[in-house]
Amino acid sequence: MAMVVTYLEMNNAKDLRPGKVVPDLLLRRVDGGLPLVRATNAQVGAPYGWRSASRTNKEWQELMRCRPLRQYRFLTLKDETVGVANVEPQPDGDVEITAFGLLPEYVGMGLGGHALTLTIRQAWDSEAVESPAVRRVWLHTCSLDHPNALRNYQRRGLTAYRTEVEVE
């Protein structure tokens, strides 16, 4: 079975095209070491086969040790967790959105556009590594992700710069 992986980027914060505002939808930074963070990432990613959905506690701790700059955030709606938005500053001013998604029970409720807007803004506001400022925000998605994921990324102003086909 073939899987298409699409890499997208935004090279200027001014290219962001915000989604429809959802009042009370916020990003809240959380400690990545909390069991709830691992569990919530797993719940978001399980329907799409994300690696985070099957990581053991030991593997999660190793990830945190190897990726100390990764920032974990919950998307919240009226103080209720509805999704995850993790970013990781990288060398030369890049910031990767390493995980973004909604818990299954919140998919299809019109939250994704604003949630991604908040996440991209957070990525641009991150502290740059080995650069005076963030110069690029990027992420990847694949054909196993939610059918609207790629379209949401493109509507927010991210543009594809590479596509790969992986055959399993």
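The values are calculated or read from the model by the stated rules, or taken from the named source; none is laboratory data. A quick note: this is a predicted structure, and the numbers were derived from the prediction, not measured. Note that we place each Cβ from the backbone using ideal geometry, even for glycine, and neighbour counts take in every protein chain shown. All accessible areas refer to the heavy atoms of the entire protein, side chains included, with ligands and DNA or RNA removed. Shrake-Rupley method; radii C 1.70, N 1.55, O 1.52, S 1.80 Å.
Considering every Cα-Cα pair within the chain, what fraction, in whole percent, is farther apart than 24 Å?
33 percent
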Quiz prompt | Chain lengthening between ASN12 and GLU62 when straightened (0.36 nm per residue, less Cα-Cα) | solution = 14.7 nm
Quiz prompt | Amide H contacts under 5 Å for VAL30, placed H, 5+ residues apart | solution = TYR72, ARG73, PHE74
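What is the antiparallel percent of DSSP beta bridges lying wholly in the chain, to the nearest 5?
Percent antiparallel among DSSP bridges in the chain is about 90.
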Exercise. Considering Cα pairs under 8 angstrom that are at least six residues apart, work out the relative contact order of the chain and quote it in whole percent.
Key: 38 percent
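Efficiency by 1/(1 + (r/R0)^6): what FRET value for ASP24 and ARG151, r their Cβ-Cβ distance, R0 = 30 Å, to the nearest 0.05?
Details: r = 24 Å, r/R0 = 0.82.
E(calc), rounded to 0.05, equals 0.75.
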Quiz item: Packing-wise, with mean Cβ within 10 Å as the measure, how do 129-137, 51-59 rank, highest first?
Solution: 129-137, 51-59
Exercise. Could you look at segment 1-49 and say what percent of its accessible area is carbon and sulfur, using a 1.4 Å probe and all protein chains?
Key: 58 percent
Quiz prompt | Residue among TYR106, LEU139, PRO35 farthest towards the positive dipole end of segment 2-167, charges placed on Cβ | solution = TYR106
Quiz item: ARG135 to SER54: extension gain in nm, 0.36 nm per residue of separation minus the Cα-Cα distance?
Solution: 25.9 nm
Self-check item: Value of [θ]222 nm, deg cm²/dmol, for the chain, DSSP H segments ≥ 4, -39500 (n - 2.57) each, nearest 500
Solution: -7000 deg cm²/dmol
